[in-house]
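The values are calculated or read from the model by the stated rules, or taken from the named source; none is laboratory data. As the structure is a computational prediction, the values presented were derived from the model and not from experiment. Every residue, glycine among them, receives a Cβ derived from its backbone with ideal geometry; neighbour counts consider all protein chains shown.
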Amino acid sequence: MAALLEAPPPFLNCNHLPFLSFKTSLGLQNFPSKIPPPTSLLTFTPTPAPCFLSTVISSSTSSLSISEEEEEEENEAPHSTAVAVTNTPDEGSQQDRRKVVQIAWEKLVRWSRSWRSKSNKTDLLERTNKVVVLGGGSFGTAMAAHVANRKSNLEVHMLLRDPSLCLSINENHCNCKYFPEHRLPDNIIATTDAKAALLDADYCLHAVPVQFSSSFLEGIAEYVDPGLPFISLSKGLELNTLRMMSQIIPKALKNPRQPFVALSGPSFALELMNKLPTAMVVASKDKKLAFAAQQLLASSHLRISTSRDVTGVEIAGALKNVLAIAAGIVEGMNLGNNSMAALVAQGCSEIRWLATKMGAKPATVTGLSGIGDIMLTCFVSLSRNRTVGVRLGSGEKLDDILSSMNQVAEGVSTAGAVIALAQKYNVKVPVLTAVARIIDNELTPNKAVLELMSLPQGYNVPETQLDIEVD
């Protein structure tokens, strides 16, 4: 029990702003240290013992706190618990626990309202007149619709290559290719003219697939303002150069100081279009720029947290696509839930090993843009990469799978780059390597399973890699 009280539970260790952030003194009523015997007094005041909820809340290191006025009100009214004559000791203890939970929830709500009243004083959205979205895929379209809904007189320009798709969006307010049943906001304007789309833009959302980004950006570089902030929605690694989007964009635009933000997290485009609750992370080395992106994108159904760990957010977003293919293969082969859990757990460790070697923070990998995105992509059928894996595990050929898809599965091209990156940083990644071998048609899914299961048996030490050599 003492160990439980020393640290917050794992689900609070996110890479985004902690939502449980209070000062140490909360005035919460604690659990009774002992349950009184039936013959005890009719009323009692529980003795102060460490409360699990208050321990979790007070352990936060965030600078956010409830207001001083609220603290004074809470300190003026300490709570005590009275047990009715008819109550048994168990009932009294249960009432006491419920009271603790009620008080903790009320404090959370009051803190949340107080913080929102302070943070909503920005006029960034009012000062934003034009946003350009590069690319017209499913996620780019969903984010364009989301931003356009934030402000009715905000111009959202989508730069596309397909004139017929532009016509469909401008006349019918519909992306017939990806969202035929959804009406897009009237303030979305589609165009093939890069100069017109980028002129006087306040922000740029980059949604072009990673493997095509360099050539695309080089073609429009002359129209890009050097101070235009790029918010990258693309996830993956460039196959030949092993570069991430934070490196691709400045290089292609020939501007090493191009403002950059990475947006990542568990988010399917369809659910964004349906305005279902979603949480994501914006990461930038520029704290003010990350905050600006947060203010631009955050809404009642999209929660945006900030981070300065660009490497962690990007590398987790790239590698999770490869792991999702592995998860799909397990599903396609009907290997069962035990295999799925073991494979994803091993894959998460491999991603953490490589990311931390590259300078990422472990908390980023275990947070929303890491584990959060991994869970969504590996376990939900809407995932393109997981779908590729399922079909591979069912015996289909990769070429047939890719030719039948109308969207890019980034994990297919990223897999080879991941292995090259792992070799560069001397990190062993058996699961991710197996996926790359299967994609290259050098290993069958059945053979890969046998090889992985035959790896040397070792201690399950999280911080230690397997002491083996992987071809």
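Points to keep in mind about this one:
- Hey, His157 over 22 Å from Ala279 (Cα atoms), at pLDDT 90 or above and crowded, with 21+ Cβ neighbours inside 10 Å or not: yes
- Residue match in the range 109-131 (condition: under 30 Å from Val408 (Cα atoms), modelled with pLDDT of 50 or more and part of a helix (DSSP H, G or I)): no
- Scoring Lys361 on the criteria (1) in contact (Cβ under 8 Å) with a residue 24 or more places away in the chain; (2) buried (at least 19 other Cβ atoms within 10 Å of the Cβ); (3) basic (Lys, Arg) leaves a single failure, condition (2).
- Any hit, the range 246-265, residues being under 13 Å from the mean Cα position of the chain (by Cα) and at pLDDT below 95: no
- Filter result for Phe230 (aromatic (Phe, Trp, Tyr), touching a strand residue (DSSP E or B) at 6+ places or on another chain (Cβ under 6 Å) and at pLDDT 95 or above): yes
- Annotation: Ser215 fulfils all but one of (1) modelled with pLDDT of 95 or more; (2) surrounded by 13 or more Cβ atoms within 10 Å (Cβ to Cβ); the unmet one is (2).
- Unique residue being in contact with a Leu (Cβ under 9 Å, 6 or more places away or on another chain), surrounded by fewer than 17 Cβ atoms within 10 Å (Cβ to Cβ) and among the hydrophobic types (A, V, I, L, M, F, W, C) when the list is Cys176, Cys166: Cys176
- Across the range 226-279, the number of residues qualifying as within 22 Å of Asn149 (Cβ to Cβ) and among the acidic types (Asp, Glu) comes to 1.
Table: residues versus (1) in contact with a Pro (Cβ under 9 Å, 6 or more places away or on another chain); (2) over 19 Å from Gln407 (Cβ atoms); (3) among the small types (Gly, Ala, Ser); (4) not in a loop (DSSP other than H, G, I, E, B).
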| site | (1), (2), (3), (4) |
| --- | --- |
| Ile189 | no, yes, no, yes |
| Leu205 | no, no, no, yes |
| Leu217 | no, yes, no, yes |
| Leu239 | no, no, no, no |
| Arg243 | no, yes, no, no |
| Ala252 | no, yes, yes, yes |
| Arg257 | yes, yes, no, no |
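Rundown of residues vs (1) farther than 20 Å from Lys275 by Cα; (2) more than 24 Å from the chain's Cα centre (by Cα), yes/no style:
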residue: Asn129; (1), (2): yes, yes
residue: Ala145; (1), (2): no, no
residue: Arg150; (1), (2): no, no
residue: Asp162; (1), (2): yes, yes
residue: Arg183; (1), (2): no, yes
residue: Pro209; (1), (2): yes, no
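- Members of the range 280-300 found to be more than 18 Å from Asp202 (Cα to Cα) and not in a strand (DSSP E or B), listed by number: Lys285, Ser299, Ser300
- Condition check for Gly317: touching a strand residue (DSSP E or B) at 6+ places or on another chain (Cβ under 6 Å) and assigned to a helix (DSSP H, G or I): yes
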